[in-house]
Amino acid sequence: MKKENSSGRSVRSIAGNKIFQLVALFVVLVIIFTVWSALKGGQFFKITTLRNILTSLVVSSFLTIGAGCLMISGNIDLSQAAVGAFGSMVLASAVNAWHLPWFVALIIALLLCAAFGAFNALLVTKYRFPAFIGTLAMASIAKGLMYLFSSIGKGGQASNVAFSNKVLSFIGLGYVGPIPFSIIIMAVFFIAYGILMSKTRFGMKVTFIGGNPEAARLAGINSKAITYILFINCSILGGVAGIFNACRLGQGALTALTTNQFTGLTAAVLGGISFGGGVGGMAGAFIGLLILNTFQIGMNVVGVNPFWVNVFSGVILLVALALDFIAKYAPARRIARKSGEGRI
Amino acid sequence: METAKSLEFRGIGKSFPGVRALDNVSFKAEGGKVLALLGENGAGKSTLLKIMSGDQRADEGEILLNGVPVVFNDPQSAIAAGISVIYQERQLIPSMSVMENLFAGALPKTKSGLLDKRKLYKDAKELIEKFGLAIDPREQVGRLNVAYQQMVEIMKACHRDSDIIAFDEPTAPLTDSEIRILFDLIRKLKADGKAVIYVSHRMAEIFQVTDEIVVLKDGRFVTALKTAETNEAELIKAMVGRDIGDTYANLSRNTKFGEVVLEVRNLKTQFIHDVSFQVRKGEIVGLAGLVGAGRTEVARALFGADQVTGGEIVLEGKPVVFKTPREAIDKGIALCPEDRKEQGLVMGRSIKDNVAMPVVNELCRGIFIIKEEMAKLAEKSVAKYSIKTPTIEKLAVELSGGNQQKVILGRWTSEKMETKVLILDEPTKGIDVGTKAEIYQTVCDLAKQGIAVIFISSELTEVINLSDRIIVMHNGHITGVVSREEATEEKVLTLAMLE
């Protein structure tokens, strides 16, 4: 805990430090992989690596933004990736089986994802389900519905649903000049959400709710409405991730986003968004994501067995969580004991 | 051990930041007797219990168990030494059976290492029969009524062979017949030679069941009396007798009251019944009563934080219904909640953010926050209430209790707010004497500005001397209203303890 006499400036510099630490970690990671791949006679800094990292970022970035905003408010959504996969299958079926125009298909997919978010919020606000449990159940429901959608018009057989549409494949694979279209959209989203969370009254209220929901409520902040918005936003962004995934592959895949199940969550925690809420922002989330992806692709480049990559990703999440818990709960416990309010 | 059982406190002292909770407290609880620990809220009873249960450590003094000095680092070591404290909140596992709860921590095993259910049942049944209770050992604890849950806890303490058993307000959740069962049990414990410490502020019970009474006040030992040789009046006098310093005499008070701002008619919630009162402009109305009397619940009902089930709130002549705090705030009602840390402040955010919380929308251009305006608002609050801080960026968690309270006051009285009724719930809890005086003067100043103040406090002296009128509550009902001129601590306490 900081001492009574530490000034506001030092507090701010610590907050700044978090981003600084993350950037430093990223740089260290890049150096490690550069040296490592050089030792193995390869090359880390290649255009393909860079492009791989960036394009792999796209899908997970939408997950991270959605999950991050929700986590800043102190909530969590375990169904995000499943809902996104569901959304991608809705899109594929709508184009392939129902022959709907691409924009109608997109809107239907996103609306259905939004419905999932609204239902998650309903469970958490009205029926006071722990978000962990409610959204886990919703994940299973979304997954089941995805299989149902994939079997439309196939006599009940579930399989990948391929589609071909010029606009959709441009969304997934197109370029604007030298830059992939998807990267541009990703950048726009990160900047827009960054501004939303740090400069607007909405972002401020989200942080208040995450910091102390009861105090926020008693200070007149409508936490229910904001919780709804954040859950719906999280699911819609899951859907956006699913759509980019489908557009890139040209099909709604049954295994879509399965490897990304907790990417959004991991990146957010890595990037300094606290599990308990109230702390963190989009800049950190972006660097957290960058670190996570660089790590995974770096391991790939140097030829580490992909099974191990999974193991190490888990370890990274553990470490990030441990740091978060130490930062968040240890001082709180100390304060409670000091003021004599800790009851057994 | 065949020597007489006893627990002696010698010169116990304990401080929390800004508060001296216990100061040189000495007394002895002896086996075969029931000792009552009596005192107002904040007298130090709970702290003393926490020290004897090993939950907290005393800063000074020593505890002698059966004549031998002991030090407890944690609750386990206190239990092992034979001390059990039975708190109001049950420490049982509701989803498990009575027998499992009774023997949790020492469950019998069969030779193969499995749980020996048969022995467990037999032992539990024996224990329950010894107490002459009609409880099935296999019953799930969560399905027992409150009184029987408490019995289970008491049996657990006895089975652990505790010599010293303390009860913290045990009768609060019990009905009359359940209380009778409890008292029989306490008499049984006494007959077994155990030392029983009984914390309560219910006078009638103390005369029914205790042998000796120790009175604490402001963390100090006041007197020890034999129950048979004293009476209610003497006890109340011992509980409240203290010097009222010049603090209150020197306050510059408001003397001009305006029209009625807030009128409450037969207000009902889950916790309060038929509460009616009026508050005028510039008036400070105190809400007094013991913990759990329903004062906080009145505040929460007025503020739209608890659901109102009946009655009417009339604000400036117009009936109002608040479904959320936001609606109450928009109509000019503000609440400084009881628990600053849990309900008042976002501890991890700055003074600036905490002051701006209810008025964020007014500090915006479009959806974007105007940082300068936010800062200006906070600077003004810091200056107005002389909040001790180098900058408005300092986090709430880094401030002292008094300064935290001032931040909340600043929030509700900033120029962006139009507060007409300010409800202060325990605003001086855990705050040092100097800052308390500052807060009293601030409250008087706010009254001078025409704000109607509802002042809730468990400290009798404070509520009596600050308020123009004192409403006394007990069990969710108003039991009396007294003006400052006629208010004495005895009078208010008597109303607060009215059965």
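Given a Förster distance of 22 angstrom, what is the FRET efficiency for A:Asn305 paired with A:Val35, based on the Cβ-Cβ distance and rounded to 0.05?
0.65
With +1 on each Lys and Arg Cβ and -1 on each Asp and Glu Cβ, how big is the dipole of the protein assembly as shown about its Cα centre, in debye rounded to the nearest 20?
For the protein assembly as shown, the charge dipole is close to 3200 debye.
Could you derive backbone 3J(HN,Hα) for the range A:290-295 from the dihedral phi with the Karplus parameters 6.51, -1.76 and 1.60 (θ = phi - 60°), listing whole Hz in sequence and x where the residue is Gly or Pro?
Working through the residues one at a time gives 4, 4, 4, 6, 4, 4 Hz.
For the range A:26-333, just say rounded, prolate or oblate: build the C-alpha gyration tensor, square-root its eigenvalues into a ≥ b ≥ c, call rounded for a/c under 1.5, and beyond that prolate if a/b exceeds b/c, oblate if not.
The shape class here is oblate.
So if I place +1 on the C-beta of Lys and Arg and -1 on the C-beta of Asp and Glu, and nothing else carries charge, what would the dipole magnitude of the range A:26-333 be about its Cα centre? I want it in debye, nearest 20. Don't jump to the answer; show the numbers that get you there.
Values: 16 positive and 3 negative charges, 42 e Å.
Once rounded to the nearest 20, the dipole reads 200 debye.
Whole-Hz ³J(HN,Hα) for each residue in the range B:288-298, computed from phi via Karplus 6.51 cos²θ - 1.76 cosθ + 1.60 with θ = phi - 60°, x for glycine and proline: what do you get?
After applying 6.51 cos²θ - 1.76 cosθ + 1.60, I find 10, x, 7, 4, x, 6, x, 5, 4, 5, 4 Hz.
Would you work out the relative contact order for chain B, in percent, from Cα pairs under 8 angstrom that are 6 or more residues apart?
Relative contact order comes out at 16 percent.
Over 28 Å between Cα atoms, which of B:Lys45/B:Lys130; A:Lys126/B:Lys156; B:Lys14/B:Lys237; B:Lys50/B:Lys156; B:Lys281/B:Lys436; B:Lys117/B:Lys156 qualify?
Table pairs above 28 Å Cα-Cα are B:Lys45/B:Lys130; A:Lys126/B:Lys156.
Ranked highest first by the average count of other Cβ atoms within 10 Å around their residues, in what order do B:311-319, A:218-226 fall?
Top to bottom by mean Cβ count within 10 Å: A:218-226, B:311-319.
Using θ = phi - 60° and the Karplus form 6.51 cos²θ - 1.76 cosθ + 1.60, what ³J(HN,Hα) does each residue of the range A:172-187 get, whole Hz, x for Gly and Pro?
x, 10, x, 10, 10, x, x, 9, x, 3, 4, 5, 4, 4, 4, 4
Of B:Leu127, B:Ile464, B:Gly480, whose Cα points farthest to the positive end of the dipole of the protein assembly as shown (charges on the beta-carbon: +1 Lys, Arg; -1 Asp, Glu; origin at the Cα centre)?
Of the listed residues, the answer is B:Leu127.
Quote the accessible area belonging to A:Ser60 in square angstrom, nearest 10, computed with a 1.4 Å probe and with ligands, DNA and RNA left uncounted.
0 Å²
Once the whole set of protein chains is in place, how much accessible area is left on B:Thr230, using a 1.4 Å probe, in Å² to the nearest 10?
20 Å²
When you look at the Cβ of every residue in A:204-215, what mean number of other chain Cβ atoms sits within 10 Å?
Mean inter-chain Cβ contacts per residue within 10 Å come to 6.
What is the calculated FRET efficiency for B:Ser386 to A:Tyr127, with r their C-beta to C-beta distance and R₀ = 45 Å, to the nearest 0.05? Working shown, then result.
Details: r = 46 Å, r/R0 = 1.03.
About 0.45, to the nearest 0.05.
With a ≥ b ≥ c taken as the square roots of the eigenvalues of the C-alpha gyration tensor of the range A:91-244, please select rounded if a/c is under 1.5 and otherwise prolate if a/b is larger than b/c or oblate if it is not?
Working: a/c = 3.21, a/b = 1.43, b/c = 2.24.
Because a/c hits 1.5 or more and a/b fails to exceed b/c, the range A:91-244 counts as oblate.
Could you order B:Glu486, B:Glu263, B:Glu418 by accessible surface area, starting with the largest, using a probe radius of 1.4 Å?
Most to least solvent-accessible, the answer reads B:Glu418, B:Glu486, B:Glu263.
So with the 1.4 Å probe, I'd like the accessible area per residue for the range A:26-333, rounded to whole Å². Display every interim value, and only then the final one.
Numbers: 13080 Å² over 308 residues.
Each residue of the range A:26-333 exposes 42 Å² on average to a 1.4 Å probe.
How do B:Ile470, A:Ile171 stack up against each other in accessible area, from largest to smallest, with a 1.4 angstrom probe?
Solvent-accessible surface, decreasing: A:Ile171, B:Ile470.
List the aspartates and glutamates whose Cα lies under 18 Å from the Cα of B:Lys5, skipping any in the same chain that are fewer than 8 positions away.
B:Glu30, B:Glu62, B:Asp161, B:Asp163, B:Asp192, B:Asp211, B:Glu212
Could you check the simple spin-label distance between A:Ile19 and A:Lys224, using points 7 Å along Cα→Cβ, in nm with one decimal?
3.6 nm
Quick query: amide H of B:Gly289 versus all other amide H atoms, modeled in the peptide plane; which residues come in under 5 Å with a sequence gap of 5 or more or a different chain?
Placed amide hydrogens put B:Met473 under 5 Å from B:Gly289.
Taking +1 at the Cβ of each Lys and Arg and -1 at the Cβ of each Asp and Glu, which of A:Gly177, A:Phe129, A:Gly117 sits farthest along the dipole of chain A towards its positive end, judged by Cα position relative to the Cα centre?
Result: A:Phe129, furthest along the dipole toward the positive end.
Tell me which of B:Val443, B:Ile370, B:Met347 sits at the most positive position along the dipole axis of the range B:303-446, charges placed on C-beta atoms (Lys, Arg +1; Asp, Glu -1).
B:Ile370
Other chains near B:320-327: what is the mean number of their Cβ atoms within 10 Å of each residue's Cβ?
That average works out to 3.
Taking R0 as 41 Å, what FRET efficiency do you get between B:Ala4 and B:Asp445 from their Cβ-Cβ distance, rounded to the nearest 0.05?
Approximately 0.10, to the nearest 0.05.
Taking 7 Å along the Cα-to-C-beta vector as the label spot, tell me the A:Leu323-B:Thr255 distance in nanometres, rounded to one decimal.
Each label point lies 7 Å from its Cα, and together they span 6.5 nm.
Largest first, how would B:Leu120, A:Leu50 line up by accessible area (1.4 Å probe)? Don't skip to the answer; put the middle values down first.
Numbers: B:Leu120 0, A:Leu50 90 Å².
The ranking, largest first, comes out as A:Leu50, B:Leu120.
When the label point is put 7 Å from the Cα of A:Gln43 along its Cα-to-beta-carbon vector, which residues of the range A:271-298 have a backbone N closer than 20 Å?
A:297-298, by backbone N distance to the label point.
Accessible area of A:Ile47, 1.4 Å probe, to the nearest 10 Å²?
Here the residue's solvent-accessible area equals roughly 120 Å².
As a test, work out the antiparallel percent of DSSP beta bridges whose residues both lie in the protein assembly as shown, rounded to the nearest 5.
60 percent
Count, for each residue of B:332-345, the Cβ atoms from other chains sitting within 10 Å of its Cβ, then give me the mean as a whole number.
Shielding by partners across B:332-345 averages 3.
The values are calculated or read from the model by the stated rules, or taken from the named source; none is laboratory data. For clarity, every value in this text was computed on a predicted model and none was experimentally measured. So basically every Cβ, Gly included, is an ideal-geometry build from the backbone, and we count neighbours across all protein chains shown. Ligands, DNA and RNA are stripped out before the accessible areas are found, and what is left, the full protein with its side chains, is counted by its heavy atoms. Shrake-Rupley method; radii C 1.70, N 1.55, O 1.52, S 1.80 Å.
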